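Before any comments, here is the structure.
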Amino acid sequence: MGQRLLLSLPAVAAAIVAWAVLGGRGGHVRYAQVLGGPTGAVSSVLVRSLELERDGRVIPSPGLALRLIVESGGARTTLAGTTDATGHLELRLDAERPPAEPWLRVESGEPPRVLVEGRPSLPAERWGEAAHRSGGWLGGQTRGPLLVRVAAESGTFAVPFAGVLLVQVQGPPAGDDPRASVAGEASSASDRPISGARIEVELTGAALVEPPPPTTESGLSRVELHPDEHAVSARIVALAGGYRGEWFGALPVTPGALVATRSGDALVVRSPIVRERAFASIVSAEERIAGAIVPLEAQADGSASGSLPLDTAVLRRIEREPTWVVVSSEYDKRSAGVVGWPLKLSGFGLAAPPHTFDVADAVLLDGRAGAIHAAERERAGRRRLAAGALLAVGSLMTASFWRAVRRGKGGVATRARAIESADDDTGHHEAAARQVVAEGMPLAPGGWVLVVALGCIVLGLGGLAYFGLTH
C-alpha cells in the first residue's frame, strides 16, 4: 500500500497543476460590449459577445444566449436573445418612451455570469459632433441670367445604384437682357422659381436613366442618373423664355457605400458586392431609434440585397421627424463607405435639401477590462488552492518516502539475522549478511543517498509548481 501511494502521488501533483492551469474556461475570457447612441434616450443597443484567447486573439461568441437588464427610474426591463454567427445581437427597447441614462447589465448562463455592466453616458451633442454630413446645394460654377442650383436628393450617390439629382431653376431680375446668356456674362438672379424650364444634362462618369423632365412650379426638376465611376461631373443647362443658365461641377459619390431606402413599411438594403449581412441603425439627430442586422442575398448582377420590415413605432418616428438609416458592412458603422441615408426626403424643403448623417455606433460599455480582472482573480484563487494541495502532496510524498526507506532498512537487518541463525557455516552466513546489508544501502552511512532522493522530490514538485502555476 505504501509503495502504491508513493508511486501515485506524482500523478496527483500533475493533476492538481492541470486543474489550476486548464480549469475554468480553459484560458478563454468571455466579455461583452454594448454599442449605441446618446444615453439621454436609449431605444436600442447592439451587443457584441467576445472571447479573449490566451494568445491575445479576440474571437466572436456565436449562438450565445444573452440577457440585457435595463434599470431606469425604478423600472426594470429584461430583454433576451441569441447572438448570430458574428457574435452580435440587436435589442430594442421602447422606441416611444425610451429610458434615460439607464443602468445596463449583460449576462449569460445559469447561474448568471455578468459580461458587462454600468451606467453609460454619451450626450447627444457629442454624438452629433462626431457625425459627418454631406449634401445640400452643391458648389460649382454658374453662368447666365438663370440661376441653376444642384443637390443630390439623398445627399450623395453610390456606385452602381441609381439616384436622383435635384435641379432648381430661378428666374432673372426684371429688365435683364436675355442675350447675356449667349455672351456668357454672369448675371445675378432673383429667387423667383421658373416653371417649365427645359433641362439639358451632360454627365461624365455617369449616365442618365431617362431624359430630365421640365421644372415644376417650384422650379424643380428631378434628374435620375446612374453613377458608373466614383468621380462624376455634370454640366446642367436650363433654358426658359429665351434665357439660359448653366451649372458645372462635381457630384458627390461615396466609394463602397451600401444603399438603404424605405420601401413602404420595409427597409431595403443593397450592396455593390456580395455580402452576407449589413449592419443598419435608424437614428434621429439625438437618438439611436432602432438597429438591425440585415441578411443579404446575392443577385445576378454581382450585387446583394435584403429587406427588413419596420414596426409601427419606428414608422411613426420616421413620419414625424427627420431620420436617417446608417448602413455599413461593419458592426460599428465605421467603414470608409458608411452613409446615413435620409428616410424622409420630403421633410427638408428646398431651402435646405437633404443631407446625410453618417454617424458611428459608440461603445457605451466594454467589459473586457472587468472580465480580465475577474479571470485573474479566479485564476489566482485556483493557484492558491493548487499551491496548498501541492504542499500537502509534497509533505505526504516525503513522509511516505521516509517510511519506505525506514521499512527497507528494518527488513534488511531482519533478513541478515535470519541468515546468521539458520546457517552454521560462519563464512557463508557472513558473506550473505554482507550482501543483504549491501542491498539495503538506501540508508548508507552519512545519509547522503537519502538527502539526494529527498532533494530530487523537492525539486520535482517545485519545478512542477513553478512552471504550472506561474506561467
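Bear in mind that the values in this text are calculations on the coordinates, not laboratory data. These figures come from a predicted structure and were not determined experimentally. We place every Cβ from the backbone using ideal geometry, glycine too, and count neighbours over all the protein chains shown.
A few notes on this one:
- Net charge of the neighbourhood of Val114, taken over other residues with C-beta under 11 Å away and scored Lys/Arg +1, Asp/Glu -1, is +2.
- Computed log₁₀ I(q)/I(0) - Debye formula, equal Cα scatterers, no solvent, the range 229-317, q 0.11, 0.16 Å⁻¹: -0.51, -0.79
- FRET efficiency for Val274 and Leu396, using Cβ-Cβ distance with R0 set to 56 Å, rounded to 0.05: 0.30
- Relative protection proxy for 206-218, 362-374, from highest mean packing down: 362-374, 206-218 (other beta-carbon atoms within 10 angstrom).
- Mean projected area (nm²) of the alpha-carbon convex hull when the range 291-342 is viewed from all directions: 4.6 nm²
- Rounded to the nearest 0.05, the FRET efficiency derived from the C-beta distance between Gln141 and Ala65 at R0 = 45 Å is 0.15.
- Dividing the Cα radius of gyration of the range 258-359 by 2.2 N^0.38 Å, with N the residue count, gives 1.04.
- Amide H contacts under 5 Å for Ala197, placed H, 5+ residues apart: Thr215
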